[in-house]
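The values are calculated or read from the model by the stated rules, or taken from the named source; none is laboratory data. This structure is a prediction, so every number in the text was calculated from the model and none was measured. Cβ placement follows ideal geometry from the backbone for every residue including glycine, while neighbour counts extend to all protein chains displayed.
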Amino acid sequence: MSTMKATHGHNEACCNIPPVVSSGYPKKGAYETIGDKKTYVTGPADATKGILVVADIFGFFDQTLQGSDILATSDAHTKYRVFVPDLLNGDPCPIEWYPPTDDDKQKKLGAWFGKHAPQAAAEEVVKFVKTLQEKNPGIKSWGIVGYCWGGKVVSLVTSGSSNPFSIAAEVHPAMVDPSEAEGIKVPLILLASKEEPADKVKEFEDKLKVAKHVETFGDQVHGWMAARADLSDARVKEEYTRGYKTLVEFFAKNWK
């Protein structure tokens, strides 16, 4: 069970999470080329709110795309159009490198991160959302969701001077840095796994000055809501579903 209570409140009537598919997920969206990026797009075309998803280092996995479809369809009162751009430019990290249990995997993973710094991705996100705004003028407000590596990108963007987002989510974020929390300017939800450092997560929460929900899913691994979700495991599937329900409820309550 979770090790931290959901103390910040939710709108229980807001959402209806569809049944989670364990394998062979039939995607509800489609790939488009937006700017120079392959992008998974899902949700109603007449939505007035858009969500940019920063996937984890493994890219377009079914578990992540299913999560994007959940975000796009689960709020009973608000329509979201969701965009998942390939910020890795066709170079996702091979999932077999993780966890990096030997020297060879550690070396390969280190080299990969050397090519894909979250700081560079944060700058790219700010540019990309401008392209999205131009191509989707009906969308008046933007949110961002980041998984793992993408969680770090969310911290960097929402604490920066060029932040274009109205609400944010960090899901099992990598490289949690409490010093970034004070500068975050929009409501933020952080869902941690058992593998994020608990002291850093608590300090991050304490330093947030915005509407927030921080919760640790104490028996889940880093990646349980994205590419590393083993949805054939009943407990993982349960907590994957509950994680998305918690996220959608937070957005419904705090996205003005």
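Computed values, structure above
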item	result
Filter pass, Glu170 being among the charged types (D, E, K, R), under 12 Å from His222 (Cβ atoms) and modelled with pLDDT of 95 or more	no
Residue match in segment 74-82 (condition: in contact with a Lys or Arg (Cβ under 7 Å, 6 or more places away or on another chain), touching a residue at least 12 places away in the same chain (Cβ under 8 Å) and part of a helix (DSSP H, G or I))	no
Subset of segment 186-201 [part of a loop (DSSP other than H, G, I, E, B), farther than 17 Å from Tyr240 by Cα and either among the acidic types (Asp, Glu) or touching a strand residue (DSSP E or B) at 6+ places or on another chain (Cβ under 7 Å) (or both)]	Val186, Pro187
Test: residue in segment 127-140 that is at pLDDT 95 or above, surrounded by 15 or more Cβ atoms within 10 Å (Cβ to Cβ) and among the small types (Gly, Ala, Ser)	no
Helices (runs of 4 or more DSSP H) wholly inside segment 91-185 containing at least 1 residues that are among the basic types (Lys, Arg) and farther than 21 Å from Ala198 by Cα	103-115, 118-135
Test: Val21 is in contact with a helix residue (DSSP H, G or I) (Cβ under 8 Å, 6 or more places away or on another chain) and assigned to a loop (DSSP other than H, G, I, E, B)	yes
Count - residues of segment 210-239 that are surrounded by 19 or more Cβ atoms within 10 Å (Cβ to Cβ), more than 25 Å from Ala181 (Cα to Cα) and out of contact with any helix residue (DSSP H, G or I) (no Cβ under 7 Å at 6 or more places or on another chain)	3
Residue list for segment 166-189, restricted to those being among the acidic types (Asp, Glu) and either crowded, with 21+ Cβ neighbours inside 10 Å or without any contact (Cβ under 8 Å) to a residue 24 or more places away in the chain (or both)	Glu170
Check on Lys135, within 21 Å of Ala211 (Cβ to Cβ) and among the basic types (Lys, Arg)	no
Considering residues of segment 110-126 that are surrounded by fewer than 15 Cβ atoms within 10 Å (Cβ to Cβ) and among the small types (Gly, Ala, Ser) only, the residue farthest from Asn89 (Cα to Cα)	Gly110
Filter result for Asp69 (charged (D, E, K, R), in a loop (DSSP other than H, G, I, E, B) and either in contact with a His (Cβ under 6 Å, 6 or more places away or on another chain) or under 30 Å from Arg235 (Cβ atoms) (or both))	no
Test for Lys209: is it at pLDDT below 95 and not in a helix (DSSP H, G or I)	no
Residue selected from segment 82-109 under the condition farther than 30 Å from Ala47 by Cβ and β-branched (Val, Ile, Thr), by the criterion surrounded by the most Cβ atoms within 10 Å (Cβ to Cβ)	Ile95
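Per-residue answers, yes or no, for (1) aromatic (Phe, Trp, Tyr); (2) modelled with pLDDT of 95 or more; (3) under 26 Å from Asp177 (Cα atoms):
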position: Leu65; (1), (2), (3): no, yes, no
position: Ile70; (1), (2), (3): no, yes, no
position: Val82; (1), (2), (3): no, yes, no
position: Asp86; (1), (2), (3): no, yes, yes
position: Tyr98; (1), (2), (3): yes, no, yes
position: Lys105; (1), (2), (3): no, no, yes
position: Gly110; (1), (2), (3): no, no, yes
position: Phe113; (1), (2), (3): yes, no, yes
position: Val125; (1), (2), (3): no, yes, yes
